[in-house]
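Notes follow once the structure below has been shown.
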Amino acid sequence: MSRLLFKKEGRAKFISHLDLMRTMQRVFIRAGVKIKHTEGFNPHPYMNFAMPLPVGTESVCELMDFETDAPIDLAALPAALNAVCPEGIEALEAFDSDNKFKYIKWLDIEARLFYYNKVHRPEELMSFYGAESIIMEKRTKRSVSQVDIKPLFTGLTVEAAGDGELLLKARLAVGEPALSPAQLISALSQISPELAPDYAAFKRREVIDKDMNPFR
Amino acid sequence: MEQKLERILSRVQKPARYTGGEYNEIVKDKSAVDLRVAFCFPDTYEIGMSNLGLQILYGAINREPEMWCERCFAPWGDMEEELRREKIPLYALESGDPIGDFDVIAFSLGYEMAYTSVLNMLELAGVPYRASERKELTPVVFAGGTSCVNPEPMADFLDFCVLGEGEEADIEALRLVERAKKEGWDKPRFLREVSKIPGVYVPSLYTPEYGEDGTLRALTPRDGAPERVTKRIIEDLDSAFYPDRAIVPSTEIVHDRVVLELFRGCVRGCRFCQAGFAYRPVRRHGTEFLLEKAKSLLESSGYEEITLSSLSTSDFKGLGELTDGLLDWCEPRRISLSLPSLRADNFSMDLMERVQKVRKSGLTFAPEAGSQRLRDVINKNVTEEELLNSCRVAFEGGWNTLKLYFMLGLPTETDEDVIAIAKLANKVLYTWRQYASNKARGVKITVSTSMFVPKPHTPFQWEAQVGTEEYLRRVRLLRDNITSKSITYNWHSPEVSLIEAALSRGDRRVGKALENVHAAGGRLDSWSDYFDFERWLRAFSDAGLEPGFYASRERGEDEVFPWDVIDLGVRKSYLLRERHEAYAGRVTPDCRVKCMGCGANCLLEGRKCDE
Ligand code: SF4
């Protein structure tokens, strides 16, 4: 199986997952790379994305699997794709891999937190997230349950990043149970609303395996 | 991107339509260009980006090194609300710069129901929507597109209109703006000068006078503006600009595929069809040209589908040769070809087999009227036999879904004609029973009707539209006559059609009604989400007007029309003759059988129609 590592940043972060699939199909066609199609009545190109990226979140570590009709030079692929990519999407590396996506265990993220009318010191957030346990309410259609999100992240740091802006970095659990960047930040509005930012922008930095190494 | 904008984009539906950055968009260095143009489409991104005219003119303007043309679309309601709340002025997608700061704001006006969005977009841009309140030279606001064939309802808002095809005329007008800027002209001087460009109509240089009965008496030019403005055409299509590359949206649009224009104009003369008269004479692209363009558009876009565009695909001479050439190239690349606008009279299985190998759903025919008598009146030259034959071919070929389009309220229509629609649908069903290759799957026949809208520059421009009540009575009559469960009947609401009729044949006073609709929050009126009939009725009455005066009044044959100032090539006397032929139930042969001398050939200098 061939695997592509790519970025999705800037204006491209507003492309939805479904639209990204269509976009990547077209990028490959423009680059003259024929993706193998599924068999059957309505054949579609075989492309498999590691983890759908929410609209509005940037990433420098997206992974996509694909198979081609004929063997291609994977080393030359990123440059060929980048010549025909829309703004904000950039292929970084293409390689063969049998490592299944289900072995992704952690996700390194950063969140830029914007406060419009107040100032917060990094330490205030550090001490919030440093608590023994952080119990959040999880609502489903039927029930409300309590979850401790503390075991679901590690290595959290916060630093000042300009006027009214904090930069938070953390490693979040992937799989069952998982913690999304948005959930991590909404712990603030649930438990300590005064610390909640007016706007948060997320970026995925790296996908990590169970041994805490970058997943490829 | 500004953080304020970024934040609202994370809240709205389908934000990718507001970001730009698509593949093949054109970005220039703004400090190195002399003229900034915002090409505005007064409808959503998904509709506007599907418009071939936009893709052509975008490329044509950007081919000029000193001009940068960017795109701007109407925001959906949620985005509009956010823009207003955050006080972010409407911006162009490429640069993100406010279009209010541009030199030119150009609108593509394809249909009347988009008019209110023009006002709204100007307001969102912070630009006064009344032309008279824009005292400075720039931004110059102009429009082109099909509904400009009667520019009068929009006269108060536009500095000028370009009539007909814009590839050359738009550039000439833009060059004049450039010169006016350089030489420091004031706006009145610019307007006088731009009115000298053939095909340009400057509404403020024409003064309307109305008679006691409310009809227009005269529309008088001044300051050297021409008596009549003749539309522009491209005589040799292959020599004009046609893009090799299309912007590829990063989000799904309505026509998410390569669109290849075969020809302009139509050899048929369906008497209800505005496009059929407005785009005359027929001019075509060469087959070689089309094959070349198709390849470069497909290769540079990555699209896996291509569709052929024209008013009547089956009338393209050499369609077989073209589709063969396209399929030879497309098939090995898994690219599919679709053929819309096929006529029911020469539907060929062979062709359909080749183009739609996989999907056998969705075949549409538009007989427009149920009886032969009424089809003769409207000059829709398709016989029942031909239609049923095409249906037979389709059913034998495995199709089992068929849509049939009709209009209710056509001139001279009787209850018998209405019932004939039900009878025709039954015959189609019977044809399926006789010939279907696979009956086990059943059949679905859908009959749709809409209320006929008489349009300017057609033989029916004198006609009264039927009232909404009368339309609904005919709908009930038809519904009661459709008895089979295999036939579904859908009818469009008559309310939009009534307003459309009032706008399309409106005069300058209708602009006040548009302002009123806008002031009451109206925009995106082609969307049922936003169209509000009561609001339109109030807007008309607050303007001292009656939609019925424009929609449902039969005009006298000597009446002066607001659109008489626009010369599309086809003579008014020809349209009138066609009207009389319609009432006599006589058909007119198409241009290929016999030239009936409509006048459109006078627009050509070096060739004949349909060459
Ligand atoms: S001049 Fe004759 S051939 Fe040309 S469009 Fe008119 S009727 Fe048709």
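Spot the failing condition for B:W527; the list is (1) surrounded by fewer than 19 Cβ atoms within 10 Å (Cβ to Cβ); (2) within 16 Å of the ligand (Cβ to nearest atom); (3) under 22 Å from the mean Cα position of the chain (by Cα), and only one is missed.
(2) is the only condition that B:W527 fails.
Please identify the pairs in which a residue from segment B:518-546 that is under 23 Å from B:F41 (Cβ atoms) has its Cβ atom under 6 Å from the Cβ atom of a residue that is of a type in the set (F, W, Y) and open to solvent by 30 Å² or more (accessible area, probe 1.4 Å), counting only partners at least 6 apart or on another chain.
Pairs found: B:L524/B:Y530; B:D525/B:F531.
Pairs under 8 Å by beta carbon, first residue on the phi > 0 side of the Ramachandran plot in segment B:576-598, partner among the hydroxyl-bearing types (S, T, Y) and within 9 Å of the ligand (Cβ to nearest atom), six or more apart or different chains?
Note: pairs meeting the criteria are B:G597/B:Y574.
Give the number of residues within segment B:591-609 that are more than 8 Å from the ligand (Cβ to nearest atom), assigned to a loop (DSSP other than H, G, I, E, B) and not basic (K, R).
Looking only at that region, the number is 4.
So that you can scan it fast, the table gives a plain yes or no per residue for (1) out of contact with any helix residue (DSSP H, G or I) (no Cβ under 6 Å at 6 or more places or on another chain); (2) surrounded by fewer than 21 Cβ atoms within 10 Å (Cβ to Cβ); (3) aliphatic (A, V, I, L, M):
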residue: B:E235; (1), (2), (3): yes, yes, no
residue: B:A240; (1), (2), (3): no, yes, yes
residue: B:P243; (1), (2), (3): no, yes, no
residue: B:D256; (1), (2), (3): yes, yes, no
residue: B:R271; (1), (2), (3): no, no, no
residue: B:A275; (1), (2), (3): yes, yes, yes
residue: B:R284; (1), (2), (3): yes, no, no
residue: B:Y303; (1), (2), (3): yes, no, no
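Within the bounds of segment B:533-550, is there any residue that is polar (S, T, N, Q), out of contact with any Gly (no Cβ under 9 Å at 6 or more places or on another chain) and either within 14 Å of chain A (Cβ to nearest Cβ) or more than 15 Å from the ligand (Cβ to nearest atom) (or both)?
yes
Quick one: would you say A:K138 is of a type outside the set (F, W, Y), more than 25 Å from B:E6 (Cβ to Cβ), open to solvent by 80 Å² or more (accessible area, probe 1.4 Å) and part of a strand (DSSP E or B)?
The answer is yes for A:K138.
Among the numbered conditions (1) within 14 Å of another protein chain (Cβ to nearest Cβ); (2) under 18 Å from the mean Cα position of the chain (by Cα), tell me where B:Q274 comes up short.
So the condition that B:Q274 fails would be (1).
Looking at segment A:1-27, I want the residues that are within 8 Å of another protein chain (Cβ to nearest Cβ) and have a partner that is assigned to a strand (DSSP E or B) and modelled with pLDDT of 95 or more with Cβ atoms under 7 Å, at least 6 apart or on another chain. Which pairs are those?
A:A12/A:I89; A:R26/B:V248
Residue-wise test of (1) within 12 Å of chain A (Cβ to nearest Cβ); (2) outside any loop (DSSP other than H, G, I, E, B).
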position	(1), (2)
B:V12	yes, no
B:V27	yes, no
B:R36	no, yes
B:I61	no, yes
B:P65	no, no
B:W68	no, yes
B:D78	no, yes
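Would you confirm, using the coordinates I've provided, whether A:A83 is under 20 Å from A:T57 (Cβ atoms), free of Cβ contacts under 8 Å to residues at least 60 places away in the same chain, within 14 Å of chain B (Cβ to nearest Cβ) and surrounded by fewer than 16 Cβ atoms within 10 Å (Cβ to Cβ)? Walk me through how you get there before you give the answer.
Numbers: under 20 Å from A:T57 (Cβ atoms): no; free of Cβ contacts under 8 Å to residues at least 60 places away in the same chain: yes; within 14 Å of chain B (Cβ to nearest Cβ): yes; surrounded by fewer than 16 Cβ atoms within 10 Å (Cβ to Cβ): yes.
Judged against the criteria, A:A83 is not a match.
Among the residues of segment B:26-59, write down those that are open to solvent by 10 Å² or more (accessible area, probe 1.4 Å) and of a type in the set (D, E, K, R).
Residues satisfying the conditions are B:K28, B:D29, B:K30, B:D34, B:R36, B:E46.
Please work out which one of (1) within 30 Å of B:I378 (Cα to Cα); (2) of a type outside the set (V, I, T); (3) away from the ligand (no atom under 16 Å from the Cβ); (4) without any contact (Cβ under 8 Å) to a residue 60 or more places away in the chain is the condition B:F289 fails and give its number.
Failing condition for B:F289: (1).
Within segment B:268-279, is there a residue that is among the hydroxyl-bearing types (S, T, Y) and either more than 18 Å from B:S310 (Cβ to Cβ) or part of a strand (DSSP E or B) (or both)?
Looking for residues that are among the hydroxyl-bearing types (S, T, Y) and either more than 18 Å from B:S310 (Cβ to Cβ) or part of a strand (DSSP E or B) (or both), one finds none in segment B:268-279, hence no.
Which condition does A:L77 not pass, out of (1) more than 14 Å from every other protein chain (Cβ to nearest Cβ); (2) open to solvent by 40 Å² or more (accessible area, probe 1.4 Å), if it passes all the others?
(2)
Are any residues in segment B:120-156 part of a helix (DSSP H, G or I) and either more than 19 Å from B:K87 (Cβ to Cβ) or touching a strand residue (DSSP E or B) at 6+ places or on another chain (Cβ under 8 Å) (or both), and if so, which ones? Walk me through how you get there before you give the answer.
Quick first cut of segment B:120-156, residues part of a helix (DSSP H, G or I) only: B:120-124, B:131-133, B:146-149, B:152-154.
Within segment B:120-156, B:M121, B:L122, B:A131, B:S132, B:E133, B:T146, B:S147, B:C148, B:V149, B:E152, B:P153, B:M154 meet the criteria.
The values are calculated or read from the model by the stated rules, or taken from the named source; none is laboratory data. Bear in mind the structure is a predicted one, so any value in this text is a computation, not a measurement. As a convention, Cβ positions derive from the backbone with ideal geometry for all residues, glycine included, and neighbour counts pool all protein chains shown. Each accessible area value is taken on the protein alone, full model and side chains, heavy atoms only, with ligands, DNA and RNA left out. Shrake-Rupley method; radii C 1.70, N 1.55, O 1.52, S 1.80 Å.
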